[in-house]
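The values are calculated or read from the model by the stated rules, or taken from the named source; none is laboratory data. Predicted model only: the values in this text are computed from it and were never measured. Don't worry about glycine lacking a Cβ; one is built from the backbone with ideal geometry, like all the others, and counts go over all protein chains shown.
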Amino acid sequence: KFDCGVLLLSTHRLIWRDQKNHECCIAVPLSQIVFIEEQAAGIGKSAKIVAHLHPAPPNKEPGPFQSSKYSYIKLSFKEHGQIEFYRRLSEEITQRRWENMPTGQTMQANKDPQAGRIRAVGIVGIERKLEEKRKETDKNISEAFEDLSKLMEKAKEMVELSKSIANKIKEKQGDITEDETIRFKSYLLSMGIANPVTRETYGSGTQYHMQLAKQLAGILQTPLEERGGIMSLTEVYCLVNRARGLELLSPEDLVNACKMLESLKLPLRLRIFDSGVMVIELQSHNEEEMVASALETVSEKGSLTADEFAKLVGMSVLLAKERLLLAEKMGHLCRDDSVEGLRFYPNLFLTQS
Amino acid sequence: LLQAKYKERGTVLAEDQLAQMSKQLDMFKTNLEEFASKHKQEIRKNPEFRVQFQDMCATIGVDPLASGKGFWSEMLGVGDFYYELGVQIIEVCLALKHRNGGLITLEELHQQVLKGRGKFAQDVSQDDLLRAIKKLKVLGNGFGIIPVGGTYLIQSVPAELNMDHTVVLQLAEKKGFVTVSEIRSSLKWETERAKQVLEHLLKEGMAWLDTQAPGEAQYWLPALFTELYSQEITPEEAKEAIP
């Protein structure tokens, strides 16, 4: 079984070596690879690289199996490294350096026909060097990894427990008190476990996010007024975190807090445009009214792109575009969409019969 | 009466488990503190270790970056590292958007972010950038990760890019540009379909048209112009980054 090992890439070959038994080593020449594709990781499955191979040449040395009904091999990255490895492998396959460079060392194959293993001398020398280097720098790492593994075992227990509680909650359907729900959610928040019942990462109702929402209302009042009453969530994220310096908010913290603004009756609200762009507006801000003044501006100039409008009015291009799109949606503007860009004109179809 | 008894029992069971979880949480917090006191530096300094850490969390179903209020973030400082990186990524993308239409290679983003962080800052790997970007998506700003060649293009504007666009971007990645003929022969598409995709990229500012090219028109992706990579972000562009 070839399920626990290390994958090595050279200019000529892809080599796999068993983690425990270093004499167990298999390789495939890069020239045998037609193309490679990635398979993303999913629940219960690790990220993979699939290498599609040419049919074996007649002089191929014996390998781990006599034959296969498949014309590809799958490399499963159980721990990490798939992204970087895919990149490097793609490079080597593209560059085809094996065509220019003759292999410097001859490969001695000590074949054990029973087990089908090959020991390659050149590889062992390289590995020894790597091993020594690793030993120097990795003493600390291995302790850290050990401690990390132990820590993860405990974290895993927490995850199991939370699943069990969540199941109980589901079964009881409302016999759990609100106080208990709030407590449970805050435990999930601390551990970074997604709410097993609703699947959202504590979308609503944790104390932390309520407090955060109130804080945000305080912090953002003036910046919003300075920016015409509206800011994109991205701008808010940067503004708030730059001001904090430490103990920054995660993007999810910000979104979850903003979702609570309206229900907490705070003077700001979260709005999501059709495009998916998310903004914070002052309650007093009325985007639809702003559209009227946008129409005036566009009419004065004849026509405007989002870039031009943004510069004139002193807005970010992102929000300028959203305003023009909204004006279009309301029928006040119409578009001219060409390769030179998206340009908006007053909708004369509406105003002139 | 029997039903009421069962209900009551059910409530007690949940309460017990919550109490148990609360206790275990306190214990876990202590374990994490101990781990942090020994290895917090390792996480700060070592990108490889960070990857291991992240992968192990993902395996057991824990997201250490979900909230700044989580234990992981508070005690290991991983949160601040990635959230700050998020701010830096947003700034670089905003500053360069007018050059590349909101598409940038992971390499260029990496270089520019490192420059912005200065010589004495912690090392940041491409894996770190990808994780930070995945978190930024939730802000509704159109951040996306597109696999091309052996690397990635990072999208930072809410422009709709479907499979057709992605495939053409991948084709263009080899030389930095693509032509209608190449699309037709590689992807076996009709001219109309190829033209629609290319025009969309032009409109979004992600592609530039070179009609002077010998033969037929070439559609270039500024995101892939290697000559532009080392160009500094100008003061005007830096202003754009902080609207």
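Just a few scattered comments:
- If you go through segment B:46-65 and keep only what is within 7 Å of another protein chain (Cβ to nearest Cβ) and not in a helix (DSSP H, G or I), you end up with B:Gly61, B:Val62, B:Asp63, B:Pro64, B:Leu65.
- In segment A:296-306, the count of residues that are within 14 Å of another protein chain (Cβ to nearest Cβ) and under 34 Å from the mean Cα position of the chain (by Cα) is one or more.
- All of (1) charged (D, E, K, R); (2) within 14 Å of chain B (Cβ to nearest Cβ); (3) touching a residue at least 12 places away in the same chain (Cβ under 8 Å) hold for A:Glu328 with one exception: (2).
- Residue count for segment B:149-193, restricted to those that are within 14 Å of another protein chain (Cβ to nearest Cβ) and among the small types (Gly, Ala, Ser): 5
- Only one entry in B:Ala194, B:Ala121 is within 29 Å of A:Tyr237 (Cα to Cα) and without any contact (Cβ under 8 Å) to a residue 40 or more places away in the chain, namely B:Ala121.
- Unique match (being at pLDDT 90 or above, closer than 27 Å to B:Met75 by Cβ and over 22 Å from the mean Cα position of the chain (by Cα)) among A:Gln207, A:Gln215, A:Gln221: A:Gln215
- Among the residues making up segment B:66-108, those that are under 17 Å from B:Ser156 (Cβ atoms) and not in a helix (DSSP H, G or I) are B:Gly101, B:Gly102, B:Leu103, B:Ile104, B:Thr105.
- Boolean, A:Ser284 is surrounded by 17 or more Cβ atoms within 10 Å (Cβ to Cβ), among the hydroxyl-bearing types (Ser, Thr, Tyr) and touching a residue at least 40 places away in the same chain (Cβ under 8 Å): no
- Segment A:234-257 residues that are over 16 Å from B:Cys93 (Cβ atoms), paired with ones that are in a helix (DSSP H, G or I) and among the basic types (Lys, Arg) (beta carbon under 9 Å, 6 or more apart): A:Ser250/B:Lys135; A:Glu252/B:Lys135; A:Ala257/A:Lys214
- Among the residues here, B:Lys175 does not qualify as more than 30 Å from A:Val240 (Cα to Cα), out of contact with any Cys (no Cβ under 6 Å at 6 or more places or on another chain), of a type in the set (D, E, K, R) and surrounded by 17 or more Cβ atoms within 10 Å (Cβ to Cβ).
- Just one of the listed residues (B:Phe53, B:Phe49) is farther than 30 Å from A:Thr206 by Cα and aromatic (Phe, Trp, Tyr), and it is B:Phe49.
- Pair list, Cβ under 8 Å, 6 or more apart: segment A:16-41 residue in contact (Cβ under 8 Å) with a residue 40 or more places away in the chain, other residue hydroxyl-bearing (Ser, Thr, Tyr): A:Leu30/A:Thr11; A:Ile36/A:Tyr86; A:Ile36/A:Ser90; A:Glu38/A:Tyr86
- Condition check for B:Ile146 on (1) in a helix (DSSP H, G or I); (2) more than 9 Å from every other protein chain (Cβ to nearest Cβ): one failure, at (1).
- Filter result for A:Ser76 (among the polar types (S, T, N, Q), surrounded by 11 or more Cβ atoms within 10 Å (Cβ to Cβ) and in contact with a Lys or Arg (Cβ under 8 Å, 6 or more places away or on another chain)): yes
- Hits in segment A:17-71 (condition: assigned to a loop (DSSP other than H, G, I, E, B), basic (Lys, Arg) and under 26 Å from B:Cys57 (Cα atoms)): A:Lys20
- Unique match (being closer than 30 Å to B:Lys175 by Cβ, at pLDDT below 80 and more than 32 Å from the chain's Cα centre (by Cα)) among A:Asn110, A:Asn100: A:Asn100
- Considering A:Thr297, A:Thr305, the condition of being within 21 Å of B:Pro158 (Cβ to Cβ), without any contact (Cβ under 8 Å) to a residue 60 or more places away in the chain and hydroxyl-bearing (Ser, Thr, Tyr) is satisfied by A:Thr305 alone.
- Leading residue by the ranking (nearest to A:Leu188 (Cα to Cα)) among those in segment B:23-51 that are touching a Phe, Trp or Tyr at 6+ places or on another chain (Cβ under 7 Å) and modelled with pLDDT of 90 or more: B:Leu25
- Residues that are within 11 Å of chain B (Cβ to nearest Cβ) and either surrounded by 14 or more Cβ atoms within 10 Å (Cβ to Cβ) or charged (D, E, K, R) (or both) do occur in segment A:262-270.
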